[in-house]
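So the structure is just underneath, and the comments pick up after that.
All of the numbers you see were taken from the coordinates with simple rules; none came from a lab. Being a predicted model, the structure only gives us computed values, none of them experimental. Reconstructed Cβ throughout: ideal geometry from the backbone, glycine too, with neighbour counts over all protein chains shown.
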Amino acid sequence: MKLSEVQIQELYKFTRKHFVEHYDLQTELVDHLANGIEQQWKETPNVTFEEAQRKEFKKFGVCGFHDVIKDRRKAMAKKYRKYIFRYYKEYFCLPKVLKLIVLAIGLFFLLQLIYPEYKFIAITAFTFVIGCVFIWYNRRNQNKYQNKIGTTQKRWMMEGMIANLGDAGSMGIFPMYLFNTINSGGYQLKNVYIALAICAIICSYLILCYVIVFSIPQKAEELLTEAYPEYKTI
């Protein structure tokens, strides 16, 4: 005995009721619950749909779908980081690596123009600007995501991560952390090699920010189709 379309939709409602927000995970759980219910009907044909549903749900334990949601978030976060690395590493290959080198040298000469006592202020201002950019783009992407949800009524976990920039808002404090580490270690930016190394690190950081804020969201459709083969068919 197979579940009807009405019963399938009831299972979707059931997963949403138990805090499963994303359509991709809802579909996986609905498929799991449906298979379990149909197996019960083979063994006990007289059991009702509601009773079979409750029995299948109990198999997830006292936490319900919580552990499944947690595991899926970890898996999607890992996949999201792979996407970042895929586009980030392109900037360390020719010809893009030449842009990174020019940017680092340019930043090095710029730092030489700043008096030592003002370098901390410069790094602070830089950090503030980066933080503002993250916040602005985060809100813009979230608004686009929410507007799309209002139209399709379907949430995809990976799409939410891309819209939220992978929860990378804390990256804005990295330049400040780097500068404080240099100061606490007693290093001097007057040393050419140290200054060049720091400029290279900061520029690599800027490239990473660019990938997260611009590259990944621009390729969202492509990445979502890769993550979910059924994405374009729904």
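Before moving on, here are some points about what is shown:
- Efficiency of FRET between K148 and Q112 - r from beta-carbon atoms, R0 41 angstrom, step 0.05: 0.30
- Taken one residue at a time, the phi angles of segment 87-97 give Karplus couplings (6.51, -1.76, 1.60, θ = phi - 60°) of 8, 5, 5, 4, 7, 10, 10, 5, x, 5, 5 Hz. Gly and Pro are set to x.
- Peptides ranked, highest mean first, by Cβ atoms within 10 Å: ranges 21-28, 5-12, 213-220: 21-28, 213-220, 5-12
- Cα principal axis extents for segment 5-64, largest first, Å: 32, 28, 15
- For segment 1-130, fraction of C-alpha pairs farther apart than 27 Å, in %: 53 percent
- Using a cut-off of 24 Å between Cα atoms, the listed pairs K58/K82; K148/K232; K2/K55; K2/K148 include K58/K82; K2/K148 as exceeding that distance.
- Peptides 40-46, 192-198 ordered by average Cβ neighbours within 10 Å, highest first: 192-198, 40-46
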